[in-house]
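Structure first, commentary second.
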Amino acid sequence: MADKDTPQEVAAAFIAKLKASPFVMIGLMDGQHAEPMTAQLDDDQPNTLFFFSGPDNRIARGGEAMAQFVGKGHDFFACLAGTVTRDNDPAQVDKLWNNHVDAWFPNGKADATLLRFDVSSAELWETDISLTGRVKMLFGGTITPSESSSHAKVDAIA
């Protein structure tokens, strides 16, 4: 990790990137492939991502899971470990429901299942390679740690 970035700063950058492009690949640790889903964030519940799915979605049964994220500009990467469970709280559904979610469910909330992914640990990479480092990549040369990207291992993402 570059000296200028603490794990908390890298985690905050992750949240900002996820808000800008909320798409992750998520799958249960059962040997099935991960699938793309749109994460919903609740600022009142750090370390938790929410997803609306159909009740028969492959991750809807819950369990240990992994999620991967790539920032819109390929400038941030994350791998998150945690547990998926169903969240049947109508107030939470109402809080997170929006027009983007509604577009996927023709019968509205009656067709949707809210899943929560409680993040237990994460590895985060911010590819903030310096200008000097980029020139070295283009023309050859060794990138020093101070010219490299930020990396953080955290027990939680907030």
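The values are calculated or read from the model by the stated rules, or taken from the named source; none is laboratory data. As the structure is a computational prediction, the values presented were derived from the model and not from experiment. Here the Cβ positions follow ideal geometry from the backbone for every residue, glycine too, while neighbour counts run over all protein chains shown.
Checked against the criterion of being out of contact with any helix residue (DSSP H, G or I) (no Cβ under 6 Å at 6 or more places or on another chain) and assigned to a loop (DSSP other than H, G, I, E, B), the candidates Q45, Q68 yield just one match: Q45.
Against the criterion of being in a strand (DSSP E or B), touching a helix residue (DSSP H, G or I) at 6+ places or on another chain (Cβ under 9 Å) and modelled with pLDDT under 95, W125 qualifies.
Please go through region 51-87 and give me each residue that is within 16 Å of A16 (Cα to Cα) and of a type in the set (A, V, I, L, M, F, W, C), ordered by number.
At the first step, the residues of region 51-87 found to be within 16 Å of A16 (Cα to Cα) are 68-80.
F69, V70, F76, F77, A78, C79, L80, listed by residue number.
I'd like the full set of residues that are farther than 23 Å from R58 by Cβ and surrounded by 19 or more Cβ atoms within 10 Å (Cβ to Cβ), limited to region 17-34. K17, the sole residue that qualifies.
Based on this model, can you work out whether M37 counts as in a strand (DSSP E or B), touching a Phe, Trp or Tyr at 6+ places or on another chain (Cβ under 6 Å), free of Cβ contacts under 8 Å to residues at least 60 places away in the same chain and surrounded by 12 or more Cβ atoms within 10 Å (Cβ to Cβ)?
Numbers: in a strand (DSSP E or B): yes; touching a Phe, Trp or Tyr at 6+ places or on another chain (Cβ under 6 Å): yes; free of Cβ contacts under 8 Å to residues at least 60 places away in the same chain: yes; surrounded by 12 or more Cβ atoms within 10 Å (Cβ to Cβ): yes.
Here the answer is yes, as M37 does meet what is asked.
Among residues of region 47-61 that are of a type in the set (V, I, T) and crowded, with 21+ Cβ neighbours inside 10 Å, those with a beta-carbon under 9 Å from a residue that is modelled with pLDDT under 95 and not in a strand (DSSP E or B) at least six positions away or on a different chain give the pairs I59/Q32. Taking every residue in region 67-90 that is in contact (Cβ under 8 Å) with a residue 12 or more places away in the chain and surrounded by 18 or more Cβ atoms within 10 Å (Cβ to Cβ) and pairing it with any residue that is of a type in the set (V, I, T) and not in a loop (DSSP other than H, G, I, E, B), at least 6 positions away or on another chain, the pairs with Cβ-Cβ distances below 6 Å are A67/V24; A67/I26; F69/V24; F77/V70; L80/V119; G82/V119. Total residues in region 72-88 satisfying the condition of being more than 14 Å from A122 (Cβ to Cβ) and modelled with pLDDT under 95: the figure is 5. Quick check, is F14 in a strand (DSSP E or B), aromatic (F, W, Y) and buried (at least 18 other Cβ atoms within 10 Å of the Cβ)? Judged against the criteria, F14 is not a match. Filtering region 94-117 to residues that are of a type in the set (V, I, T) and either in a helix (DSSP H, G or I) or free of Cβ contacts under 8 Å to residues at least 40 places away in the same chain (or both) leaves only V101. Figure legend. Inter-residue proximity from region 1-30: first residues over 19 Å from G82 (Cβ atoms) and modelled with pLDDT of 90 or more, second residues assigned to a loop (DSSP other than H, G, I, E, B) and of a type in the set (G, A, S), beta-carbon distance below 7 Å, spacing 6+ or different chains. Indicated pairs: S21/G71.
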